[in-house]
Structures are given as C-alpha cells and as structure tokens.
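Enquirer: This is the structure I want to talk about, given as structure tokens.
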Amino acid sequence: MINISDLHKKFGKNEVLKGIDLNIEHGKIYAILGPNGSGKTTLIKSVLGMVIPDKGSIEVLGEPIKKGWKYRKQIDYLPQIANFPGNLKVNELIDMIKDLRNDKGNADTLIELFKLQPYCNKKLSNLSGGTKQKVNLVLAFMFNSQLLILDEPNTGLDPNALIQLKELIKKEKENGKTLLITSHVMQFVEEVADEVIYLLEGKIYFKGTLKALMAKTQQTNVEHAIAALTKTEGYG
Amino acid sequence: MGKVLKYSFYDLIRSRWSYIYFFFYLALGFVLLFLNNDLSKAVITLMNIIIVLVPLIGTIFGTMYYYNSKEFTELLLAQPIKRSHIFLGQYFGVAGSLSLSLALGLGIPFAAYGLLKSNAIFDFALLLVVGIFLTLIFTALAFNIAIHNENKIKGFGYAVLLWLFMAVIYDGIFLLSLIIFEEYPLDTFSMIATALNPIDLSRTLILLKLDISALLGYTGAVFKKFFGTQIGFWASMLVLVLWNAIPIFLLKYKSSRKDF
C-alpha cells in the first residue's frame, strides 16, 4: 500500500526524519505513536506530498509519488488542526471539496451521525473547536478512498462523537481500507489499532503488534509500555 | 486550476474590499469626467493615480490574500490537485478580481460619458491595458514575497518596500544619476532605465500615446523616437509581459518545492 525507504527530512538545522523505512500493508489499521516533535506529522505530510523529502522515496499503491498528485485521489486526510477558510459556511465547504474532488461523497449520513445539521448554515469561523473537528471528520470520511490518514482524530471530541468515530473506523476497516492514525490517547490506540509504529527522534523505534510491544517492554498496559519505550531510549 | 481560480475569485468578489476598490474608481471616473470635461486631462490625471495606486493595491492585496488563505491552501494541498494549480489559481483569482474592479470602475463612467464613440477610446484602452498589466505584475511579485516569507509582518514590510522602491525611490535614483552623469550621453541609459521599471514604462507609454511628449523635454524627443514607433510600442509590451511572466514562473518554481 505504502512503501517508504530511507526517508530524510530537515527543517533548517532541525533533522526531523532520519532515515525511515516503512511498509504499510493493505487493510490494516496502523497507529503512529511517538512523543511530541518525533516526526509523526512530518511523516504523514511526506506521504501526502505536502512536505518534500530531502532524500528517500515514497510509493503509494506501487507508484512513486514524486511530482505526482493524482494519487491523492486515493487518500483521505484528516489534518491535525482543523483550519478552514473562516468566511465559508459548513455547507459551502463540503460542496467545495466535493467539487474539487469530482466526487459526490456521502456527507449527509455523516452530518446526521455527528448531529451537525444545526451548524450547516453557519460560518466556520463561528464554530467551536469540537464542532470544527466534527466537520473535519465529515470531510475525511465522506469519500470512498482506499487509504485514510487521520492525524489526532480524537482531539476535542465529546464522548458521544468519540464512540461514533471508533464505529466509523471499524466500519472502514471492514470495508477493506487501510488507516494510518496518530494519537496520544493510548486507550483509543489500544481499541482501534492492529499495529503500532513508534517514532522517536526521527527514526522508527518499534514496529509491530500491541502484543509484541507489551512483550518487549514486559508491561501489561499500553500506556506504560509506551512510556517504557521512551524511557529506555532516554536513559540509554 | 479552473476550480481553484473559481473559488478564490468568488471568495474575493464577495469581499468588502473589492467593492471599495470598485466604487473608488467609479467615483474617481465620474468626478474626473463630469467635472473636468476635458477627456485628455482626465486620462492624464487618471494615469497619475493608476500608476501609483494600482501597484500599491496589487502588492497589499496579494500578500494579504496569500497569508489569509493559508487554511484554504492547506486544505487544497491534501486534495488531488496539482500544486502549481493551487497557487496559480489563487493568483489569477486575486489579480482577476482586482482587474475587474479597475476595468468596471473606470469603464462605466467612461462609457456613460460617451467615450465609445470618440477617438479617445484608444487612449483609454491603453490606460486600462496598462492598469491590468500593473495589477498582474505587482500581484505576482506580492505572491512571490509572501511565499518566501512565513512571517506576515516581514512579508508585508518587503511588499511595501518593493512598492516604495518601484514607485518612488527608483525615480529618485534615476534622476540623481542623470544629474551626476550629465556630461555623458544618457539617451540609451535613460531609455533602458525606463524600460526596466514597469511603473515608469507604463507612464511613458501613456504620455507618448497622448502626444504630450513635449512635456518630457529633451528626452521626450528621444523617447518618442523609440517608444513612439510600432516597434517601440511592442517592445514595451514585451517588457511588461516579461515582468509578468518571470514572477509567475518563479512562483510556480517555489511552490513546487515548498513544505507546508
């Protein structure tokens, strides 16, 4: 599905990715974890072509993405911070994205699911953070792309919406889609992820199932296992 | 690119500032024509205003739009759209809406005055062409400045400096150099120096078209010899096209290499 080899990226003097090799298989849910500033978002943005790597190659669906843009039709992306043009209404934004992608999508069911009907005619600048995140989710889930990349999807959501989100993620997996998710909420990761990719200082420190992670760190709880991973590196 | 352009354009023509800009030209046109009654003088006054104001509005609007549409840009970057189309679409959206305000704002009063039937239509058309060129050029320069500067304040600062340099400082240096080197033949130098600044070039083109090059004194005669001819006119147009094409190309180049 995605093949990354020897990916390097520097921002000025700050070396964010230091040689990432990664193979994402079809039909699984991957959680990308790591402390703040470990390069999770940079990795995701490199796959999307928003960040241009200094070195290394990325293939999506067997095609190298360099200079390409059509492959993004196969990716739905949920950005970390829901920044939208503030002068648009929710409806207008959804229609615009539909038009830009040439795809009708199924926004209506999602709007109903997240109970966004009362906000449809409001401007995005007037929405609360959580509501914006729901709109963000609608935009990410409304198309039927093979690959879903969710950057901290649970930020700002109320418990009800969180349950709906988990349901949505499960449903997408059943439909045979591949998901890449970053999150700092370990309980959420534990519930949805098949495999964990742990990034530390720009390198992949661990990749495998949650079970393998707990076995490696000899912990019984994911949160502690992750903390242990960070510590070993920190003291090592 | 068409779709990005469409949304940028719609976004802008709904904005208050486009209307203010439009009504300003509308009022200016009506006032100058109906209080002045002399078409040629009205065109000269308009020229003096357009040549300073259009570049200023182009640079300010261009940088402002780029920074304000950061969210829109980020949203578009994750969509299956070619990168260069995102930025060129936004650029033409801004430049297009500004040009529309200018063309309609001046066109309506001139049409109402009965210009379409008079000979001055060509002078007026040249004024509009030059105004649109200046809008395209300075918006493109503004986009270049904005894409190279993440910091808004810095970007604005550079944009205003660029305008100040082109509209004021350049002429000062030009005149100073004419005084300092007055003992040398300066015809070629002054012609090249004029052609290199789009604002000066536009001014010269209009003055020559209006047949008042006598106002320019001795150099006027030299200018008339070059810019007044068909070749001179088209060479000037070519320079304006280059002034437009190079920043657009640089914008395309930079946008394909930038991280977001």
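The values are calculated or read from the model by the stated rules, or taken from the named source; none is laboratory data. Fair warning: this is a prediction, and the values are worked out from it, not measured in the lab. Note that each Cβ is placed from the backbone with ideal geometry, even for glycine, and that neighbours are counted across all protein chains shown. Ligands, DNA and RNA are stripped out before the accessible areas are found, and what is left, the full protein with its side chains, is counted by its heavy atoms. Shrake-Rupley method; radii C 1.70, N 1.55, O 1.52, S 1.80 Å.
Enquirer: Please determine whether any residue of segment B:35-46 is closer than 17 Å to B:ALA125 by Cα, open to solvent by 10 Å² or more (accessible area, probe 1.4 Å) and under 19 Å from the mean Cα position of the chain (by Cα).
Expert: Checked segment B:35-46: at least one residue is closer than 17 Å to B:ALA125 by Cα, open to solvent by 10 Å² or more (accessible area, probe 1.4 Å) and under 19 Å from the mean Cα position of the chain (by Cα).
Enquirer: In this structure, does A:LEU33 turn out to be surrounded by 17 or more Cβ atoms within 10 Å (Cβ to Cβ), away from chain B (no Cβ under 11 Å), in contact with a Ser or Thr (Cβ under 9 Å, 6 or more places away or on another chain) and farther than 25 Å from A:ALA193 by Cβ?
Expert: Judged against the criteria, A:LEU33 is not a match.
Enquirer: I've got another one for you. Give the residue, chosen from A:LYS45, A:LYS67, A:LYS73, that is at pLDDT below 90, under 17 Å from A:ALA140 (Cβ atoms) and within 14 Å of chain B (Cβ to nearest Cβ).
Expert: The match here is A:LYS73.
Enquirer: Quick one: A:GLU92 ticks every box in (1) surrounded by 15 or more Cβ atoms within 10 Å (Cβ to Cβ); (2) charged (D, E, K, R); (3) in contact (Cβ under 8 Å) with a residue 40 or more places away in the chain bar one, so which box is it?
Expert: (3)
Enquirer: Something else: Does any residue in segment B:66-81 that is under 17 Å from A:ASP151 (Cα atoms) come within less than 8 Å, Cβ to Cβ, of a residue that is polar (S, T, N, Q) six or more places away or on a different chain, and which pairs are these?
Expert: From segment B:66-81, the pairs are B:GLU71/A:ASN83; B:GLU74/A:ASN83; B:LEU75/A:ASN83.
Enquirer: So, in segment A:101-126, exactly how many residues are among the hydrophobic types (A, V, I, L, M, F, W, C) and open to solvent by 20 Å² or more (accessible area, probe 1.4 Å)?
Expert: The number of residues fulfilling the criteria is 1.
Enquirer: When you scan segment B:37-81, how many residues do you find that are farther than 23 Å from B:GLU150 by Cβ and not in a helix (DSSP H, G or I)?
Expert: The qualifying residues number 3.
Enquirer: Looking only at segment A:76-129, count how many residues are among the hydroxyl-bearing types (Ser, Thr, Tyr), more than 10 Å from chain B (Cβ to nearest Cβ) and within 16 Å of A:LEU148 (Cα to Cα).
Expert: 0
Enquirer: Counting residues that are hydrophobic (A, V, I, L, M, F, W, C) and touching a Phe, Trp or Tyr at 6+ places or on another chain (Cβ under 9 Å), which strands (runs of 3 or more DSSP E) fully inside segment A:1-103 reach at least 1?
Expert: Filter on segment A:1-103 gives A:14-24, A:29-33, A:55-60, A:75-78.
Enquirer: Same structure, new question: If you scan segment B:9-23, which residues turn out to be at the interface with chain A (Cβ under 10 Å from one of its Cβ atoms), open to solvent by less than 50 Å² (accessible area, probe 1.4 Å) and either in a helix (DSSP H, G or I) or among the aromatic types (Phe, Trp, Tyr) (or both)?
Expert: B:ASP11
Enquirer: Hey, another quick one. Keeping to segment B:54-97, report how many residues are among the hydroxyl-bearing types (Ser, Thr, Tyr), surrounded by fewer than 24 Cβ atoms within 10 Å (Cβ to Cβ) and more than 10 Å from every other protein chain (Cβ to nearest Cβ).
Expert: Qualifying residue count for the region: 1.
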